[in-house]
Amino acid sequence: MNARPPSPSSADPVRHLQSGWLVALAALAASLPALAQAPQFYRLESALTMKSAAPNWDYVTFDPARSYLYIARREDGVTVYDAATKKVLGSIENSAQANAITLVQEFDRGYTTNEDGSTTVFEISSLKTLSRLKLADSADSAVYEPIAKQLIFTIGDNKQVLFLNPRTNSIVGKLELQSAKLEHPTADGQGNVFVAQRDKDVVVRIDVKLPTAPTSGSSLAVAAKAGTRCWR
């Protein structure tokens, strides 16, 4: 019985492998024009250099109604940049050591969170500083919760959050937590505020209507509204 002659591919496996690579490279080359034409998610529109003796920036906050970008520059205070005209409008007076800026539009008020535990209160419409209030020995960040109409400040060194009434600028409550590594708080607009405890691998959910009873989860915090979830 005559033996069946080997196929070209089995007779020369190296040539078969090379052919496979050539096919793959040809397919990749054919796809390059399409990749080059793919839409970009962002583009650099403009750039601005802000001089400082010791540049040290933290959080930024954008006001879409005015196209104002508030930049917390710590030792240099808060700089206000007009994103529409691409010009610096100036700085918020008496806002040195600012970590973050929280805007409360319904009261026409802005609040900085300063490293020394104070907050600089200013008028959003005029950018005029109204006062600088002492809250604690240090402070990290803040968020405005519209249901309770309160600002929630994180005070990591004291392992607590403070509740401030923007109508009176007075502290109306405190809540002890288990961590000194508190991240920026986030409000869901439904009465819940989420605070990440970085060193505990926990996200705390605070019901602002019951500020003494936080709940937590290791990687997932479930908001009050059914089906709404927040991932770290």
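Any read-out appearing in this document is the output of simple, stated calculations on the displayed coordinates, not a laboratory observation. Note that the structure is predicted; figures quoted are calculated from it, not measured. Cβ: placed from backbone, ideal geometry, glycine included. Neighbour counts: every protein chain shown.
Here's how it looks for residue 150: its modeled amide H is under 5 Å from those of 145, which are all 5 or more places away or on a different chain. Separation of the alpha carbons by more than 24 angstrom is noted, of 51/181; 134/181; 51/159; 128/174; 128/159, for 51/181; 51/159; 128/174; 128/159. Quick note on region 50-134: its Rg to Rh ratio, both from C-alpha atoms and Rh being the Kirkwood radius, is 0.94. Packing order of peptides 51-64, 160-173, highest average first: 160-173, 51-64 (average count of other Cβ atoms within 10 Å over each peptide's residues). Under 5 Å between amide hydrogens, built in the peptide plane, is the criterion, and for residue 66 it picks out nothing among residues at least 5 positions away or on other chains. Each peptide in 125-131, 42-48, 191-197, 71-77 was scored by the mean count of other Cβ atoms within 10 Å over its residues; highest first, the order is 191-197, 71-77, 125-131, 42-48.
Can you classify region 82-216 as rounded, prolate or oblate using the Cα gyration tensor, where a ≥ b ≥ c are the square roots of its eigenvalues, rounded means a/c under 1.5, and otherwise it's prolate if a/b beats b/c and oblate if not? Don't skip to the end; give the middle numbers.
On the way: a/c = 1.78, a/b = 1.60, b/c = 1.11.
Prolate is the answer for region 82-216, as a/c is 1.5 or above and a/b outweighs b/c.
Based on the Kirkwood radius over alpha-carbon pairs, what value in µm²/s does the Stokes-Einstein equation return for the translational diffusion coefficient of region 125-189 at 20 °C and 1.002 mPa s? Don't skip to the answer; put the middle values down first.
On the way: Rh = 12.6 Å.
The Stokes-Einstein estimate is 170 µm²/s.
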